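The values are calculated or read from the model by the stated rules, or taken from the named source; none is laboratory data. As the structure is a prediction and not an experimental result, all values here were calculated from the model. Please note: Cβ atoms are built from the backbone with ideal geometry, for glycine as well, and neighbour counts cover all protein chains shown. Surface areas here come from the heavy atoms of the whole protein model, side chains and all, with no ligands, DNA or RNA. Shrake-Rupley method; radii C 1.70, N 1.55, O 1.52, S 1.80 Å.
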Amino acid sequence: MVVFNGLLKIKIREAVNLKPTPWSLRHAVGPRPQTFLLDPYIALNVDDSRIGQTSTKQKTNSPAWNDEFVTDVCNGRKIEMAVFHDAPIGYDDFVANCTIQFEDLLQNGSRHFEDWVSVCTVNAYGSVSLMQYCFLH
């Protein structure tokens, strides 16, 4: 298994077509829950360590963050991103997540990666893509 050692710089740019989960609709009022807008943010981990969290964007299903994170990584195996809805009451609602293996990023020998990354949703209401890029030093 390939591991990464060095400085990781990652910028989470945007997400498109986020869909609310049935759980996030539990506080929705009105007849049209399909137009429910999320208050999304992304939690970013390398392996089991929290690297950071984006800002919360209010009332949007296509947020633009452009939040940047920099960290030293030792024997890193994977990057995990999880999208949450900042719930007004109780725990925040899980929306979607993805895992990117460092091995996949490093296989082409490049120190730069920029692409849309599809994330898995917990429902059948659509898919999510995240624009993000990494500088591996």
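Among the residues of the stretch 36-53, those that are under 18 Å from residue 20 (Cβ atoms), open to solvent by less than 30 Å² (accessible area, probe 1.4 Å) and out of contact with any helix residue (DSSP H, G or I) (no Cβ under 9 Å at 6 or more places or on another chain) comprise 39, 40, 41, 42, 43. State whether the residues of the stretch 57-68 include one that is open to solvent by less than 20 Å² (accessible area, probe 1.4 Å), modelled with pLDDT of 85 or more and within 25 Å of residue 115 (Cα to Cα). The answer is yes, given that some residue of the stretch 57-68 is open to solvent by less than 20 Å² (accessible area, probe 1.4 Å), modelled with pLDDT of 85 or more and within 25 Å of residue 115 (Cα to Cα). For residue 79, the conditions (1) of a type outside the set (Gly, Ala, Ser); (2) in contact with an Asp or Glu (Cβ under 9 Å, 6 or more places away or on another chain); (3) open to solvent by 60 Å² or more (accessible area, probe 1.4 Å); (4) under 29 Å from residue 109 (Cβ atoms) all hold with the exception of (3). For beta carbons closer than 6 Å, sequence separation of 6+ or different chains, a first residue in the stretch 48-66 that is under 16 Å from residue 86 (Cβ atoms) and in contact (Cβ under 8 Å) with a residue 12 or more places away in the chain and a second that is basic (Lys, Arg) and assigned to a loop (DSSP other than H, G, I, E, B), the qualifying pairs are 63/57.
Counting only strands (runs of 3 or more DSSP E) wholly contained in the stretch 1-84, the ones carrying 3 or more residues that are hydrophobic (A, V, I, L, M, F, W, C) occupy 4-16, 40-46, 64-76.
Restricting attention to the stretch 82-124 and to residues that are under 24 Å from residue 55 (Cβ atoms), among the polar types (S, T, N, Q) and modelled with pLDDT under 85, the residue that is surrounded by the fewest Cβ atoms within 10 Å (Cβ to Cβ) turns out to be 118. Check whether at least one residue in the stretch 8-28 is touching a residue at least 60 places away in the same chain (Cβ under 8 Å), open to solvent by 10 Å² or more (accessible area, probe 1.4 Å) and aliphatic (A, V, I, L, M), and report yes or no. Among the residues of the stretch 8-28, at least one is touching a residue at least 60 places away in the same chain (Cβ under 8 Å), open to solvent by 10 Å² or more (accessible area, probe 1.4 Å) and aliphatic (A, V, I, L, M), which makes the answer yes.
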